[in-house]
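A short worksheet on the structure shown next.
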Amino acid sequence: MPAVSMTVNGKAVSGDVEARTLLVQFLRENLRLTGTHVGCDTSQCGACVIHVDGIAAKSCTLLALQCEGAKITTIEGLAAADGPLHPMQEAFREHHGLQCGYCTPGMIMSALDIVRRRGNDLDEHTIREQLDGNICRCTGYHNIVKAIAAGAKEMGKGGTTQQAAE
Amino acid sequence: MSATGIGAAVRRKEDFRFITGQGQYTDDVVRPGETRAVFVRSPHAHANIKSIDVSAAKAMPGVIDVLTGAQLATDKIGNLICGWMIHSKDGTPMKMAPHPALAASKVNCVGDAVAVVIAETVGQGKDAAEKVKVEYEVLSAVVDPAKAQAKGAPQIHPDIANNTIYQWHLGDAKATEAAFANAKHVTKLDIVNNRLVPNAMEPRAALAEYDAGTDNLTLWNTSQNPHVARLVIAAFVGMAPEHKLRVIAPDVGGGFGSKIFIYPEEVVCLWAARKLRRPVKWTSDRSEAFLTDAHGRDHITHAELALDGNGKILALRAKTIANLGAYMSTFSSSVPTYLYATLLSGQYDIPQIYCEVDAVYTNTAPVDAYRGAGRPEATFVVERLVEVAARQLNLEPAELRRRNFVKSFPHQTPVIMAYDAGDYNASMKKAMEMADVKGFAKRKREAARHGKLRGLGFSAYIEACGIAPSQAVGSLGAGVGLWESAEVRVNPTGSVEVLTGCHAHGQGHETTFAQLVSERLGIPFDSVSIVHGDTDKVQFGMGTYGSRSGAVGMSAIVKALDKIEAKAKKVAAFMLEAAEGDIEFKDGKFTVAGTDKSAAFGEVALNAYIAHKFTGAELEPGLKETSFYDPTNFTFPAGCHICEIEIDIETGKSEIVNWTAVDDFGTVINPMIVEGQVHGGIAQGVGQALMEGAVYSAEGQLVSGSFMDYTMPRAHDLPSFHVGLTETKAPSNPLGIKGCGEAGAIASPAAVINAITDAIGTEELAMPATANAVWAALQRATPRQAA
Amino acid sequence: MYNFTFHRPTTVRQAAGLLARNPDAKLLAGGHSLIPVMKQRLASPAALVDLGLVEGIVGVELKGRSVSIGAMTRHADVANSPVLKEVMPALASVPGSIGDPQVRNRGTIGGSIANNDPNADYPAACLGLGATIITNKRRIAADDFFTGMFSTALEEGEIIVRVSFPVAKKAGYEKFKHPASGFALVGVFVSKRGPDIRVAVTGAGANGVFRVPSFEEALKKRFSPKSIEGLTIPASGMNADIHASAEYRAHLVGVLARRALVKATA
Ligand SMILES: Cc1cc2nc3c(=O)[nH]c(=O)nc-3n(C[C@H](O)[C@H](O)[C@H](O)COP(=O)(O)OP(=O)(O)OC[C@H]3O[C@@H](n4cnc5c(N)ncnc54)[C@H](O)[C@@H]3O)c2cc1C
Ligand code: FES
Ligand code: FES
């Protein structure tokens, strides 16, 4: 089996995988990082969104081998274990941006990518358009949109487009 | 109101684990030596199985075994059942066909499982599943409920004539007929309530483990009601006795009804785990979910409303054909009957109602309760009829509603329900103000200037929740009682665990239930934790659906807390050396009336356990109480939703420009969570009205079998919602809660379609009202109407 | 997904060599068409040749009167290219409308064009601008490249390295999104470059992307939405499915062409 190595949430990791192993399988099954979810098999729901070298991607539509040498950030890497939550995580809690929580990791990772691309001052229309790749069945999006706007603002106060803790 | 008590928008306890990626959903659970199940599924909607050859599959790498329906039968694993008996008009019981977990001789829908591969990995399992050779004799299929009963339609189950499960009715046919005969005006509508796929974002999953040493089976599954799953799998499927079967539903990623039911995959995983002595896990692909999760709705209805010359409703009648799919799912029979026809009175005083329902088998996935279950279908019938009647009579739709609202309570409808409290005009009035209905005409003119059509649609819905008084549902055919249990365990240090038979999968029980306990016992919110979803921890419970957790589940907690207080007072009496009758409890403190003697709740708890102040003869040590609460009535949440929509004349595309919802949920424990439930419900209802629809080809292939073809509402399809509340308390439970989980989904489809038909000037428009459908309706409408 | 062997060449020549040596091999670009079909087990290449590390086939460049886009340039990078936004914003808007942000972060122009999904956006832009597809072997005019649903003029082992778009003064793209998938239910690209007037339609045709000669003819008199007012195309030959009838698609072609023209002439 081919070997693969990459950096995940700041840690160097490696493993032997079948070539057909998806990044999401590598994360969930090999690394036991189960915060990244799978909600579909047609690359549409966004439950699996992670960052590859700082850019959001659907980990169900990437081979682990394509990520050789890449820096991956997952939901588990946003806040240090003993540190404060990332402002975007905090915003989702504060604004009730989640119910069952299944879409949430993908939503938060996508939200950070919106901030990366569109900055800290996000209007409702922009957020809704930019959430095209993420499906939530619980919230009706109302509070997700609120959370992202607030989280983006808060990140701006930190003076950066603050990504992961690492 | 305290910062964490009843009525406070407390931030949720459960969120930390979800926003940090530490939720534990079924697929996240891993057991040592775990194997993976991959199902071999029928590609045909209707076929006889001539033979199954598993030999090539068994020889594939990583394969542990391949099991079939024949082996399942040999091992005497029983069929899945529908647990609600419905009798036809002629008194005959419903016709429930056998539903084996693996089909052995015949398949009745695409996706019917015929074999299962147990392999080391999913990849290997899928490779091997392709090697299972199944020889089918393909039969012609029927998917359309309107055609299922026709002469010459394919017979799906032997001995079940015309594919008809039951022919049921409710109400007084003769009296209704007479009322229609005297009517000045009759409004008639043909309605299709489109078939939906629930699509909770977490696909279903099951993980089964067998402990040979103790002969115990454990099942982790995506369930809204683990105890009911255990009961059915033990008592009907006969897998293992209840005390040898533990069911754990850990974090569950949404349910909306689809995870109430007991499914074949759970049965097969348990069976295989015991047979192979290895844990067996199955996680549904989304494509599999489309084929195998129980779908929702799928009604065809002809409905009529009779009115007098003053716009007063005299009677309503409806004839519905309900598609239940290839097999009767767990609660399927109750949905188009007692959860549907009993709500056909809406918010209105309607003297006579008569409803007939035929339930039929078709070669499609089973259909069962989906958010709202029967009540969205009823609301759609009533609210479309009322709106269209108003238009035909040239009355303001609000005025027609006002003239017919039920205004005094209790109100007995002609269809079983006795409404106990409500103020329907109050919610409509508030909604009309919030939606600025007065300014609509101006906005419509403005829109016309930009080539857009604007419409306004109301939906004044009612639902019956708090499901349900056990005796009542028993008399209607339910196989179980629908009470709820709670156990309150006070620890010696004064912290509290509440074990509930409800199950949260997004509703936030860990927060709202703790709010109740913390307020009632006067202890910190963080000192309360909620335990649910494990049959080894919680003794029994009925789970979460039908907006029942507040009205029924929390009432059970209240009852248990009453007992805790009573016992704690006894302990306090010994501690404070006072008569029990003199002990008062307030804000977490026990005091002796007329003295300054007091003891904090924590001190009393400790004394209950150390038991130094009383003898065993005087009082049992410990502080733990249980209650089984059985509601005395349904609850009747109601409200008014108003949808304002804008339509692009050239493309037919509609955009919701404003949504107002004013609901009466009785007491609200946490407004933040309640609003969230409303938002989510509206989104699902808008989905049904504008975009969602499960479509089968005539051959029984699911054409809309993935998110590529089944349109899920996305953020840009929806606006932000304006949500308001009115309040009349539910008299039937101690907290006055009515329930809020389904309201949005029940109210919204009618509001959307009323708005679009208002805009385009024709009533001929089926759901989902896609851009194509609206454009086509505009083409059919006369130019005057379209202008 | 079936298993396969995985290769990561660093030059086009190496990639071509790997394709030649591995009979059932396929190129992997962004993987956002190929991986989903492999997951559904509808494609089963024995080997994947990943273009991810191949040098020299990424980026957007203005070369005289054309814009040259490397095959491995991601949709997001084309959409945000300052050069392109300056000289031909209509073309930048095409990848900007593809799928969702995550798809745009991975999918590439080469992959999209090679795939020629009948509902894809780029084929409309290629045909609507008269682009040239440059492979490791030859140059192919867009008019000759798209040969039907999921089929192109590419030969076995041929690799797209670049796509060259002539800069049109007037151009516009209007897309009506497929409600579920986000692809083009119908998309129309219009352009005028001197006397060359093009109207290209994706999503609607049963055989993939096509041009509308009747509209182009009408626009020769005056390149304006008015010129095609009331013009329609026949519904025969249009796709029909649960999302849109052939009549509706034909109708949308007219509506979207006019809206694209409004953009192009704004
Ligand atoms: C959820 C989702 C939504 C989408 N929405 C849209 C949309 O709205 N509009 C749209 O147009 N597309 C859409 N797409 C498709 C997307 O644009 C793909 O990225 C694109 O079609 C393929 O590009 P790729 O780089 O991912 O190619 P791959 O998937 O890697 O490859 C596709 C095919 O092209 C071949 N190939 C790749 N590169 C080359 C090359 N340089 N030379 C020769 N052959 C090559 C491959 O062998 C393969 O057969 C969507 C995809 C997804 C998953
Ligand atoms: S799992 Fe649905 S997009 Fe990746
Ligand atoms: S919170 Fe449940 S899917 Fe989004």
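The values are calculated or read from the model by the stated rules, or taken from the named source; none is laboratory data. Here the structure is a predicted model, which means the values were calculated and not measured. Neighbour counts are summed over all protein chains in view; Cβ atoms, including those assigned to glycine, are modelled from backbone coordinates with ideal geometry. Only protein heavy atoms, including side chains, enter the accessible area calculation; ligands, DNA and RNA are left aside. Shrake-Rupley method; radii C 1.70, N 1.55, O 1.52, S 1.80 Å.
When chains C and B come together, the accessible area they lose, probed at 1.4 Å and totalled over both chains, is close to 1600 Å².
I need the calculated FRET efficiency for the pair residue C:137 and residue C:2, taking r as the beta carbon distance and R₀ as 35 Å, to the nearest 0.05.
Numbers: r = 29 Å, r/R0 = 0.83.
The calculated FRET efficiency here is 0.75.
Which of the residues in segment A:101-117 show a loss of at least 50 Å² in accessible area from their chain by itself to the complete set of protein chains, at a probe of 1.4 Å? Going by heavy-atom accessible area, the residues of segment A:101-117 that drop by at least 50 Å² are A:102. Within the accessible area of chain B, the carbon and sulfur atoms contribute 52%, probe 1.4 Å, all protein chains present. Shielding value for A:42-54 is 5, the average number of Cβ atoms from other chains within 10 Å of each residue's Cβ. A drop of at least 10 square angstrom in accessible area, chain alone versus all protein chains together, probe 1.4 Å. Which residues of segment B:616-661 meet that? Hits at the 10 Å² cut-off: B:648, B:650, B:651, B:653. Count Lys and Arg as plus one, Asp and Glu as minus one, and take only other residues whose Cβ is under 13 Å from that of residue B:470; the net charge is then -1.
Mean partner shielding of peptide B:712-724, defined as the number of other chain Cβ atoms within 10 Å of each residue Cβ, is 6.
Rounded to the nearest 10 square angstrom, residue A:135 shows an accessible area of 0 square angstrom against a 1.4 Å probe.
Net charge dipole, chain A: roughly 140 debye, given to the nearest 20, about the Cα centre with Cβ charges of +1 for Lys and Arg and -1 for Asp and Glu. Rolling a 1.4 Å probe over the protein chains gives residue C:147 an accessible area of about 80 Å².
What does the accessible area per residue of segment C:60-264 come to in Å², with a 1.4 Å probe and no ligands, DNA or RNA counted?
Working: 7510 Å² over 205 residues.
With the other protein chains kept in place, segment C:60-264 gives 37 Å² per residue.
The label-point distance for residue B:137 and residue B:51, in a model that sets each label 7 Å from Cα toward Cβ, rounds to 1.4 nm.
In segment C:38-142, what GluC sites (Glu not before Pro) fall in a loop by DSSP, with at most 14 other Cβ atoms inside 10 Å? Sites meeting the loop and neighbour criteria: C:55.
Summed over both chains, the area buried between A and B is near 4200 Å², taken from the accessible surface of protein heavy atoms with a 1.4 Å probe.
Within a Cβ distance under 11 Å of residue B:653, other residues only, what is the Lys/Arg minus Asp/Glu net charge?
Details: positive: B:452, C:177; negative: B:646, B:648, B:650, B:655, B:717.
Here the count lands on -3.
All other residues whose Cβ lies under 11 angstrom from that of residue C:66 are scored, Lys and Arg at +1 and Asp and Glu at -1, for a net of +3.
Cα gyration tensor of segment B:452-541, axes a ≥ b ≥ c as square roots of the eigenvalues: rounded (a/c below 1.5), prolate (a/b > b/c) or oblate? Judged from the Cα gyration tensor, segment B:452-541 comes out oblate (a/c at least 1.5, b/c at or above a/b). The modelled label-to-label distance for the pair residue B:657/residue B:216, using points 7 Å beyond Cα in the direction of Cβ, is 6.2 nm. Each peptide in C:32-41, C:224-233 gets a packing score, the mean of other Cβ atoms within 10 Å over its residues, and the list from highest to lowest is C:32-41, C:224-233. Simple point charges give the picture: +1 on the Cβ of Lys and Arg, -1 on the Cβ of Asp and Glu, and for chain B a dipole about the Cα centre of about 920 debye.
Between chain A and chain C, the total buried accessible area stands at approximately 2200 Å², from heavy atoms with a 1.4 Å probe.
Here the dipole of segment A:3-77 is about 140 debye; that uses its Cα centre as origin and unit charges on the Cβ of Lys and Arg (positive) and Asp and Glu (negative). What the Cβ-Cβ distance of residue B:244 and residue B:70 gives, at R0 = 22 Å and to the nearest 0.05, is a FRET efficiency of 0.30.
Residue ranking by accessible heavy-atom surface, 1.4 Å probe, largest first, among B:387, B:577, A:29, B:399 comes out as B:577, A:29, B:399, B:387. Think of chain C as having a plus end and a minus end, set by charges on the Cβ of Lys, Arg, Asp and Glu; of C:167, C:23, C:54, C:167 sits farthest toward the positive end of this dipole.
As a fraction of the 1.4 Å probe accessible area of segment C:60-264, surface on carbon and sulfur atoms comes out at 51 percent. Can you give the FRET efficiency to the nearest 0.05 for residue C:235 and residue C:214, using r as the Cβ-Cβ distance and R₀ = 25 Å? Given R0 = 25 Å and the Cβ-Cβ separation, E is 0.95. Spin-label model, residue B:613/residue C:37: points 7 Å from Cα along the beta carbon direction are separated by 7.8 nm.
Considering only C:264, C:231, C:209, the residue lying farthest towards the positive end of the dipole of segment C:209-265 is C:264, judged by Cα position with unit charges set on Cβ. Using only the Cα atoms of chain B, build the gyration tensor, take square roots of its eigenvalues as a ≥ b ≥ c, and label the shape rounded, prolate or oblate: rounded if a/c is under 1.5, else prolate if a/b is larger than b/c, else oblate. Oblate shape, in that a/c is at least 1.5 and b/c is the bigger or equal ratio.
Here are some pairs, C:26/C:137; B:58/B:133; B:567/B:729; B:89/B:174; C:85/C:226; B:312/B:407; which of them have Cα atoms lying more than 20 Å apart in this structure?
Numbers: C:26/C:137 17 Å; B:58/B:133 11 Å; B:567/B:729 29 Å; B:89/B:174 14 Å; C:85/C:226 27 Å; B:312/B:407 14 Å.
Beyond 20 Å between Cα atoms: B:567/B:729; C:85/C:226.
Think of the protein assembly as shown as a dipole: +1 on every Lys or Arg Cβ, -1 on every Asp or Glu Cβ, centred on the Cα centre; then among B:146, C:111, B:505, C:111 lies furthest on the positive end.
Of the GluC sites (Glu not before Pro) in segment B:618-706, the ones in a loop by DSSP (not H, G, I, E or B) with at most 12 other beta carbons within 10 Å are B:618.
At a probe radius of 1.4 angstrom, the accessible area of segment A:1-68 per residue rounds to 30 square angstrom. In segment B:282-320, the residues that give up 30 Å² or more of accessible area when the other protein chains are added, compared with the chain on its own (1.4 Å probe), are B:286.
Skip the ligands, DNA and RNA, and give the accessible area per residue of segment B:334-490 with a 1.4 Å probe, whole Å². Working shown, then result.
On the way: 4870 Å² over 157 residues.
I get 31 Å² per residue for segment B:334-490.
Within 10 Å of each Cβ in A:84-93, how many Cβ atoms from other chains are there, averaged over the peptide?
On the way: counts 0, 4, 2, 0, 1, 6, 3, 1, 3, 7.
If you average over the peptide's residues, the count of other-chain Cβ atoms is 3.
Hey, any idea what % of segment C:5-50's accessible area is carbon plus sulfur with a 1.4 Å probe?
Numbers: 1110 of 2110 Å².
Reported share for carbon and sulfur atoms: 53 percent.
Summed over qualifying helices (DSSP H, 4 residues or more, each -39500 (n - 2.57)) and divided by its residue number, chain B shows a 222 nm mean residue ellipticity of -8000 deg cm²/dmol.
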